[in-house]
Amino acid sequence: MMKAVISGTGLYTPPATIDNDELVEAFNAYVTLHNERYAEAIDRGERDALQPSSSAFIEKASGIKRRHVIDREGILDPERMAPFIPERSNDEPSVQCDMAVAACTEALERAGKSVADVDAVIVACSNMQRPYPAISVEVQQALGVEGFAYDMNVACSSATFGLQAAVNAVENGAARGVLVVSPEICSGHLNYRDRDSHFIFGDACTAILVERDSSVAGGKGFEILGTRLKTQFSNNIRNNFGFLNRADERGVGAADKLFVQQGRKVFKEVSPLVAQTIQEHLDGLSLQPDDLRRMWLHQANLSMNQLIARRVLGREATTDEAPVILDEYANTSSAGSIIAFHLHQQDLCSGDVGVICSFGAGYSIGSVVVRRR
(Lines give C-alpha, C1' and ligand atoms only; values in the text may rest on other atoms or scores of the structure.)
Protein backbone atom coordinates (compact mmCIF):
# COMPACT_ATOMS: atom_id res chain seq x y z
CA MET A 1 0.00 0.00 0.00
CA MET A 2 1.23 3.47 -0.86
CA LYS A 3 2.12 5.53 2.24
CA ALA A 4 2.36 9.30 2.62
CA VAL A 5 5.53 11.03 3.77
CA ILE A 6 6.26 14.61 4.83
CA SER A 7 9.34 15.31 2.74
CA GLY A 8 9.83 19.02 3.36
CA THR A 9 8.58 22.04 5.31
CA GLY A 10 8.87 25.76 4.73
CA LEU A 11 8.31 28.90 6.78
CA TYR A 12 7.76 32.53 5.84
CA THR A 13 8.27 34.95 8.72
CA PRO A 14 7.33 38.63 8.23
CA PRO A 15 10.32 40.83 9.11
CA ALA A 16 8.38 43.30 11.28
CA THR A 17 8.06 42.49 14.98
CA ILE A 18 6.23 43.92 17.98
CA ASP A 19 7.32 43.03 21.51
CA ASN A 20 5.03 43.15 24.51
CA ASP A 21 6.32 46.49 25.78
CA GLU A 22 5.61 48.16 22.44
CA LEU A 23 2.14 46.63 22.20
CA VAL A 24 1.28 47.62 25.77
CA GLU A 25 2.48 51.19 25.23
CA ALA A 26 0.17 51.56 22.22
CA PHE A 27 -2.77 49.87 23.95
CA ASN A 28 -2.43 51.99 27.09
CA ALA A 29 -2.24 55.14 24.99
CA TYR A 30 -5.52 54.08 23.36
CA VAL A 31 -7.04 53.44 26.82
CA THR A 32 -6.07 56.94 27.94
CA LEU A 33 -7.56 58.51 24.80
CA HIS A 34 -10.77 56.50 25.17
CA ASN A 35 -11.24 57.31 28.84
CA GLU A 36 -10.62 61.03 28.22
CA ARG A 37 -12.95 61.07 25.20
CA TYR A 38 -15.81 59.45 27.11
CA ALA A 39 -15.06 60.86 30.56
CA GLU A 40 -18.55 62.33 31.08
CA ALA A 41 -20.32 59.13 30.02
CA ILE A 42 -18.00 57.13 32.29
CA ASP A 43 -18.80 59.46 35.20
CA ARG A 44 -22.52 58.98 34.56
CA GLY A 45 -22.10 55.21 34.56
CA GLU A 46 -23.12 54.92 30.91
CA ARG A 47 -19.74 53.53 29.86
CA ASP A 48 -17.09 51.48 31.60
CA ALA A 49 -13.61 52.92 31.88
CA LEU A 50 -11.07 50.81 30.02
CA GLN A 51 -8.24 49.27 32.03
CA PRO A 52 -4.58 49.33 30.99
CA SER A 53 -2.58 46.24 30.08
CA SER A 54 0.96 45.23 31.06
CA SER A 55 3.76 43.08 29.67
CA ALA A 56 3.77 41.03 32.87
CA PHE A 57 0.05 40.28 32.45
CA ILE A 58 0.54 39.21 28.83
CA GLU A 59 3.43 36.87 29.51
CA LYS A 60 1.74 35.32 32.55
CA ALA A 61 -1.54 34.83 30.68
CA SER A 62 -0.05 33.43 27.47
CA GLY A 63 3.71 32.93 27.46
CA ILE A 64 3.99 35.33 24.52
CA LYS A 65 6.90 37.78 24.41
CA ARG A 66 6.67 39.16 20.88
CA ARG A 67 5.08 38.52 17.49
CA HIS A 68 5.88 38.94 13.78
CA VAL A 69 3.39 40.98 11.76
CA ILE A 70 2.85 42.15 8.20
CA ASP A 71 2.56 45.77 9.38
CA ARG A 72 3.46 47.21 12.79
CA GLU A 73 2.85 50.94 12.33
CA GLY A 74 -0.92 50.66 11.96
CA ILE A 75 -1.19 48.32 14.94
CA LEU A 76 0.86 50.63 17.17
CA ASP A 77 -1.09 53.75 16.19
CA PRO A 78 -3.48 54.41 19.13
CA GLU A 79 -5.92 56.11 16.75
CA ARG A 80 -5.98 53.14 14.35
CA MET A 81 -5.09 49.89 16.19
CA ALA A 82 -5.15 47.77 13.04
CA PRO A 83 -2.53 46.79 10.45
CA PHE A 84 -2.30 48.84 7.28
CA ILE A 85 -2.03 46.42 4.35
CA PRO A 86 -2.73 48.28 1.09
CA GLU A 87 -5.13 46.70 -1.37
CA ARG A 88 -3.55 45.37 -4.52
CA SER A 89 -4.91 45.44 -8.01
CA ASN A 90 -6.39 42.30 -9.51
CA ASP A 91 -3.31 42.06 -11.70
CA GLU A 92 -0.99 41.73 -8.70
CA PRO A 93 -0.48 38.63 -6.54
CA SER A 94 -2.35 38.75 -3.26
CA VAL A 95 -0.48 39.14 0.02
CA GLN A 96 -1.37 35.58 0.99
CA CYS A 97 -0.12 34.33 -2.36
CA ASP A 98 3.26 35.99 -1.87
CA MET A 99 3.56 34.51 1.62
CA ALA A 100 2.56 31.07 0.35
CA VAL A 101 5.03 31.06 -2.53
CA ALA A 102 7.89 31.94 -0.18
CA ALA A 103 7.02 29.12 2.24
CA CYS A 104 6.40 26.60 -0.56
CA THR A 105 9.73 27.43 -2.20
CA GLU A 106 11.57 26.58 1.01
CA ALA A 107 9.57 23.37 1.49
CA LEU A 108 10.47 22.22 -2.03
CA GLU A 109 14.13 23.13 -1.52
CA ARG A 110 14.34 21.23 1.76
CA ALA A 111 12.73 18.21 0.12
CA GLY A 112 15.02 18.45 -2.90
CA LYS A 113 12.01 18.59 -5.21
CA SER A 114 10.53 20.95 -7.80
CA VAL A 115 7.04 22.03 -8.79
CA ALA A 116 7.08 19.22 -11.35
CA ASP A 117 6.75 16.79 -8.42
CA VAL A 118 3.59 18.49 -7.13
CA ASP A 119 0.07 17.79 -8.36
CA ALA A 120 -2.01 19.72 -5.83
CA VAL A 121 -2.00 22.77 -3.59
CA ILE A 122 -4.21 23.10 -0.50
CA VAL A 123 -4.35 26.51 1.16
CA ALA A 124 -5.59 25.79 4.68
CA CYS A 125 -5.88 28.70 7.09
CA SER A 126 -8.26 30.66 9.30
CA ASN A 127 -9.02 33.57 6.98
CA MET A 128 -8.85 34.06 3.22
CA GLN A 129 -8.43 37.45 1.59
CA ARG A 130 -11.40 36.73 -0.65
CA PRO A 131 -13.99 34.01 -1.22
CA TYR A 132 -13.07 33.45 -4.86
CA PRO A 133 -11.15 32.80 -6.98
CA ALA A 134 -9.50 30.48 -4.46
CA ILE A 135 -6.19 31.65 -2.99
CA SER A 136 -4.90 28.11 -3.59
CA VAL A 137 -5.50 28.33 -7.32
CA GLU A 138 -3.63 31.64 -7.38
CA VAL A 139 -0.73 30.02 -5.50
CA GLN A 140 -0.85 27.05 -7.87
CA GLN A 141 -0.47 29.38 -10.85
CA ALA A 142 2.25 31.46 -9.20
CA LEU A 143 4.27 28.31 -8.50
CA GLY A 144 3.59 26.77 -11.91
CA VAL A 145 1.98 23.59 -10.53
CA GLU A 146 -0.14 21.46 -12.83
CA GLY A 147 -3.13 19.65 -11.37
CA PHE A 148 -5.63 21.05 -8.90
CA ALA A 149 -5.99 23.30 -5.85
CA TYR A 150 -8.56 24.27 -3.26
CA ASP A 151 -8.98 26.32 -0.08
CA MET A 152 -10.14 25.01 3.27
CA ASN A 153 -10.86 26.61 6.63
CA VAL A 154 -11.08 24.81 9.97
CA ALA A 155 -9.71 27.79 11.93
CA CYS A 156 -6.65 26.88 14.03
CA SER A 157 -6.85 23.23 12.97
CA SER A 158 -6.70 24.02 9.25
CA ALA A 159 -3.13 22.81 8.67
CA THR A 160 -3.65 19.39 10.25
CA PHE A 161 -7.01 18.95 8.50
CA GLY A 162 -5.20 19.93 5.29
CA LEU A 163 -2.55 17.34 6.05
CA GLN A 164 -5.16 14.60 6.24
CA ALA A 165 -6.59 15.71 2.91
CA ALA A 166 -3.08 15.60 1.44
CA VAL A 167 -2.50 12.11 2.86
CA ASN A 168 -5.76 10.93 1.31
CA ALA A 169 -4.84 12.38 -2.09
CA VAL A 170 -1.39 10.78 -2.04
CA GLU A 171 -2.46 7.39 -0.73
CA ASN A 172 -5.40 7.01 -3.11
CA GLY A 173 -3.28 8.00 -6.10
CA ALA A 174 -4.96 11.34 -6.84
CA ALA A 175 -1.65 13.18 -6.48
CA ARG A 176 2.04 12.33 -6.30
CA GLY A 177 2.81 15.36 -4.16
CA VAL A 178 0.65 17.90 -2.31
CA LEU A 179 1.63 21.24 -0.83
CA VAL A 180 -0.36 22.21 2.28
CA VAL A 181 0.06 25.95 2.87
CA SER A 182 -1.15 28.11 5.77
CA PRO A 183 -0.73 31.86 5.11
CA GLU A 184 -2.01 33.22 8.42
CA ILE A 185 -2.48 37.01 8.60
CA CYS A 186 -3.96 36.85 12.10
CA SER A 187 -3.31 40.53 12.77
CA GLY A 188 -6.07 41.30 10.27
CA HIS A 189 -8.85 39.84 12.44
CA LEU A 190 -7.52 40.68 15.91
CA ASN A 191 -9.23 43.36 18.00
CA TYR A 192 -6.27 45.37 19.29
CA ARG A 193 -8.66 47.39 21.48
CA ASP A 194 -9.60 44.35 23.57
CA ARG A 195 -7.40 43.97 26.67
CA ASP A 196 -8.10 40.25 26.96
CA SER A 197 -6.98 39.38 23.43
CA HIS A 198 -4.97 42.26 21.89
CA PHE A 199 -1.71 40.37 22.42
CA ILE A 200 -2.65 36.92 21.16
CA PHE A 201 -1.84 36.72 17.46
CA GLY A 202 1.04 37.10 15.04
CA ASP A 203 1.47 36.54 11.29
CA ALA A 204 3.34 33.74 9.49
CA CYS A 205 3.01 31.19 6.71
CA THR A 206 3.98 27.52 6.70
CA ALA A 207 4.15 24.95 3.92
CA ILE A 208 4.35 21.16 4.03
CA LEU A 209 5.16 18.89 1.10
CA VAL A 210 3.46 15.48 1.32
CA GLU A 211 4.60 12.78 -1.14
CA ARG A 212 4.27 9.05 -1.68
CA ASP A 213 6.96 7.09 0.16
CA SER A 214 8.40 5.65 -3.06
CA SER A 215 9.29 9.17 -4.19
CA VAL A 216 11.30 10.02 -1.07
CA ALA A 217 14.81 8.68 -0.51
CA GLY A 218 15.27 6.27 2.38
CA GLY A 219 16.05 7.95 5.69
CA LYS A 220 14.53 11.22 4.52
CA GLY A 221 11.35 12.82 5.83
CA PHE A 222 8.62 11.62 8.16
CA GLU A 223 6.25 8.75 7.51
CA ILE A 224 2.68 9.69 8.42
CA LEU A 225 1.49 6.84 10.61
CA GLY A 226 -2.04 8.16 10.92
CA THR A 227 -4.32 11.17 11.19
CA ARG A 228 -7.31 11.77 13.40
CA LEU A 229 -9.79 14.66 13.24
CA LYS A 230 -12.45 15.73 15.72
CA THR A 231 -14.99 18.56 15.74
CA GLN A 232 -17.51 19.70 18.31
CA PHE A 233 -19.59 22.84 17.86
CA SER A 234 -18.96 25.74 20.22
CA ASN A 235 -19.49 29.51 20.15
CA ASN A 236 -16.65 30.13 22.60
CA ILE A 237 -14.30 31.15 19.77
CA ARG A 238 -16.01 33.04 17.00
CA ASN A 239 -15.69 35.61 14.21
CA ASN A 240 -18.94 36.76 12.56
CA PHE A 241 -17.39 38.67 9.68
CA GLY A 242 -18.86 37.55 6.38
CA PHE A 243 -20.57 38.42 3.14
CA LEU A 244 -23.98 38.81 4.81
CA ASN A 245 -22.78 41.66 7.05
CA ARG A 246 -23.92 44.24 4.50
CA ALA A 247 -27.44 42.79 4.71
CA ASP A 248 -27.86 44.28 8.20
CA GLU A 249 -25.97 47.53 8.71
CA ARG A 250 -26.48 47.38 12.48
CA GLY A 251 -23.63 44.88 12.76
CA VAL A 252 -21.08 46.70 10.60
CA GLY A 253 -17.96 47.43 12.67
CA ALA A 254 -19.23 45.53 15.72
CA ALA A 255 -16.72 43.74 17.93
CA ASP A 256 -17.97 40.30 16.89
CA LYS A 257 -16.77 40.94 13.33
CA LEU A 258 -13.27 40.37 14.70
CA PHE A 259 -11.85 37.57 16.84
CA VAL A 260 -13.76 36.99 20.09
CA GLN A 261 -13.41 34.21 22.60
CA GLN A 262 -14.32 33.15 26.11
CA GLY A 263 -10.80 32.17 27.05
CA ARG A 264 -11.42 30.45 30.37
CA LYS A 265 -14.15 28.24 28.92
CA VAL A 266 -11.95 27.36 25.95
CA PHE A 267 -9.09 26.39 28.27
CA LYS A 268 -11.28 24.17 30.45
CA GLU A 269 -13.18 22.51 27.61
CA VAL A 270 -10.55 22.11 24.89
CA SER A 271 -7.52 20.99 26.90
CA PRO A 272 -8.96 17.66 28.10
CA LEU A 273 -10.57 17.05 24.71
CA VAL A 274 -7.22 17.46 22.95
CA ALA A 275 -5.40 15.20 25.39
CA GLN A 276 -8.11 12.56 25.01
CA THR A 277 -7.92 12.79 21.20
CA ILE A 278 -4.15 12.28 21.20
CA GLN A 279 -4.40 9.38 23.66
CA GLU A 280 -7.09 7.66 21.61
CA HIS A 281 -5.10 8.25 18.43
CA LEU A 282 -2.02 6.64 19.97
CA ASP A 283 -4.11 3.70 21.19
CA GLY A 284 -5.48 3.22 17.68
CA LEU A 285 -1.92 2.99 16.37
CA SER A 286 -0.84 0.60 19.14
CA LEU A 287 1.46 3.26 20.57
CA GLN A 288 2.03 4.36 24.15
CA PRO A 289 2.63 7.92 25.39
CA ASP A 290 6.19 6.89 26.25
CA ASP A 291 6.72 6.16 22.54
CA LEU A 292 6.42 9.88 21.78
CA ARG A 293 9.78 11.57 21.26
CA ARG A 294 8.18 14.93 20.55
CA MET A 295 4.86 16.76 20.65
CA TRP A 296 4.46 19.69 18.25
CA LEU A 297 1.38 21.29 19.75
CA HIS A 298 -0.73 24.22 18.60
CA GLN A 299 0.91 27.36 19.94
CA ALA A 300 -2.04 29.19 21.46
CA ASN A 301 -1.25 29.38 25.16
CA LEU A 302 1.72 28.08 27.12
CA SER A 303 -0.30 26.84 30.10
CA MET A 304 -2.69 25.04 27.77
CA ASN A 305 0.14 23.21 26.00
CA GLN A 306 1.75 22.27 29.31
CA LEU A 307 -1.54 20.87 30.61
CA ILE A 308 -2.20 18.85 27.44
CA ALA A 309 1.32 17.41 27.41
CA ARG A 310 1.05 16.53 31.11
CA ARG A 311 -2.26 14.73 30.58
CA VAL A 312 -0.90 12.75 27.63
CA LEU A 313 2.47 11.83 29.18
CA GLY A 314 1.31 11.51 32.79
CA ARG A 315 4.07 13.90 33.88
CA GLU A 316 5.50 17.31 33.08
CA ALA A 317 6.94 17.54 29.58
CA THR A 318 10.33 19.09 28.94
CA THR A 319 10.68 21.82 26.34
CA ASP A 320 12.61 19.27 24.28
CA GLU A 321 9.59 16.96 24.31
CA ALA A 322 7.08 19.78 23.71
CA PRO A 323 8.95 22.70 22.11
CA VAL A 324 7.60 26.23 22.38
CA ILE A 325 7.70 28.87 19.64
CA LEU A 326 4.87 30.88 21.20
CA ASP A 327 7.26 33.32 22.87
CA GLU A 328 8.68 34.40 19.49
CA TYR A 329 5.74 34.02 17.11
CA ALA A 330 2.69 34.31 19.40
CA ASN A 331 -0.41 32.44 18.22
CA THR A 332 -0.27 32.08 14.45
CA SER A 333 -3.46 30.01 14.27
CA SER A 334 -3.05 26.88 12.12
CA ALA A 335 0.60 27.69 11.36
CA GLY A 336 1.70 27.35 15.00
CA SER A 337 2.14 23.58 15.33
CA ILE A 338 3.77 23.47 11.89
CA ILE A 339 6.25 26.23 12.84
CA ALA A 340 7.17 24.13 15.90
CA PHE A 341 7.58 21.06 13.65
CA HIS A 342 9.62 23.01 11.07
CA LEU A 343 12.02 24.43 13.67
CA HIS A 344 12.33 21.39 15.95
CA GLN A 345 12.76 18.25 13.83
CA GLN A 346 16.39 18.10 12.72
CA ASP A 347 17.64 16.39 15.90
CA LEU A 348 15.25 13.45 15.65
CA CYS A 349 16.67 10.04 14.80
CA SER A 350 15.32 7.32 12.54
CA GLY A 351 12.36 5.64 14.23
CA ASP A 352 11.54 8.56 16.52
CA VAL A 353 7.79 9.14 16.79
CA GLY A 354 6.02 12.46 17.29
CA VAL A 355 2.59 14.02 17.07
CA ILE A 356 1.61 17.25 15.34
CA CYS A 357 -1.58 18.51 16.95
CA SER A 358 -3.59 21.67 16.41
CA PHE A 359 -6.87 22.75 17.95
CA GLY A 360 -9.15 25.75 18.10
CA ALA A 361 -12.44 27.21 16.96
CA GLY A 362 -15.14 24.78 16.04
CA TYR A 363 -14.12 23.24 18.35
CA SER A 364 -11.74 21.42 16.02
CA ILE A 365 -8.79 19.12 16.71
CA GLY A 366 -6.36 17.61 14.22
CA SER A 367 -3.78 14.98 15.25
CA VAL A 368 -1.06 13.71 12.90
CA VAL A 369 1.32 11.03 14.17
CA VAL A 370 4.64 10.81 12.31
CA ARG A 371 7.80 8.69 12.47
CA ARG A 372 11.25 9.77 11.34
CA ARG A 373 12.31 7.56 8.43
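Looking for something outside any loop (DSSP other than H, G, I, E, B), of a type in the set (A, V, I, L, M) and either under 19 Å from Ile6 (Cα atoms) or within 18 Å of the chain's Cα centre (by Cα) (or both) - is there at least one such residue anywhere in region 188-201? No - not one qualifying residue is present in region 188-201. Filtered by the rule that a residue be open to solvent by 10 Å² or more (accessible area, probe 1.4 Å) and either within 16 Å of Ala300 (Cβ to Cβ) or acidic (Asp, Glu) (or both), region 167-198 gives Glu171, His189, Asp194, Asp196. Against the condition within 18 Å of the chain's Cα centre (by Cα) and either part of a strand (DSSP E or B) or surrounded by fewer than 24 Cβ atoms within 10 Å (Cβ to Cβ) (or both), how does Gln141 come out, does it pass? Spelling it out, it is not the case that Gln141 is within 18 Å of the chain's Cα centre (by Cα) and either part of a strand (DSSP E or B) or surrounded by fewer than 24 Cβ atoms within 10 Å (Cβ to Cβ) (or both). For region 1-14, a tally of residues being surrounded by fewer than 21 Cβ atoms within 10 Å (Cβ to Cβ) and either over 18 Å from the mean Cα position of the chain (by Cα) or free of Cβ contacts under 8 Å to residues at least 24 places away in the same chain (or both) returns 3.
Restricted to region 210-227, and to residues there that are in a strand (DSSP E or B) and among the aliphatic types (A, V, I, L, M), the residue that is farthest from Ala116 (Cα to Cα) is Leu225.
Yes or no, residue by residue, for (1) under 23 Å from the mean Cα position of the chain (by Cα); (2) among the hydrophobic types (A, V, I, L, M, F, W, C); (3) surrounded by 13 or more Cβ atoms within 10 Å (Cβ to Cβ):
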| position | (1), (2), (3) |
| --- | --- |
| Asn20 | yes, no, yes |
| Leu23 | yes, yes, yes |
| Tyr30 | no, no, yes |
| Glu36 | no, no, no |
| Glu40 | no, no, no |
| Pro52 | no, no, yes |
| Arg67 | yes, no, yes |
| Asp71 | yes, no, yes |
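In region 313-326, the condition of being in a helix (DSSP H, G or I), open to solvent by 20 Å² or more (accessible area, probe 1.4 Å) and either at pLDDT below 95 or not polar (S, T, N, Q) (or both) is met by at least one residue.
The values are calculated or read from the model by the stated rules, or taken from the named source; none is laboratory data. Since the model is a prediction, treat every value here as computed from it, not as a measurement. So basically every Cβ, Gly included, is an ideal-geometry build from the backbone, and we count neighbours across all protein chains shown. Heavy atoms of the whole protein, side chains included, go into the accessibility calculation; ligands, DNA and RNA do not. Shrake-Rupley method; radii C 1.70, N 1.55, O 1.52, S 1.80 Å.
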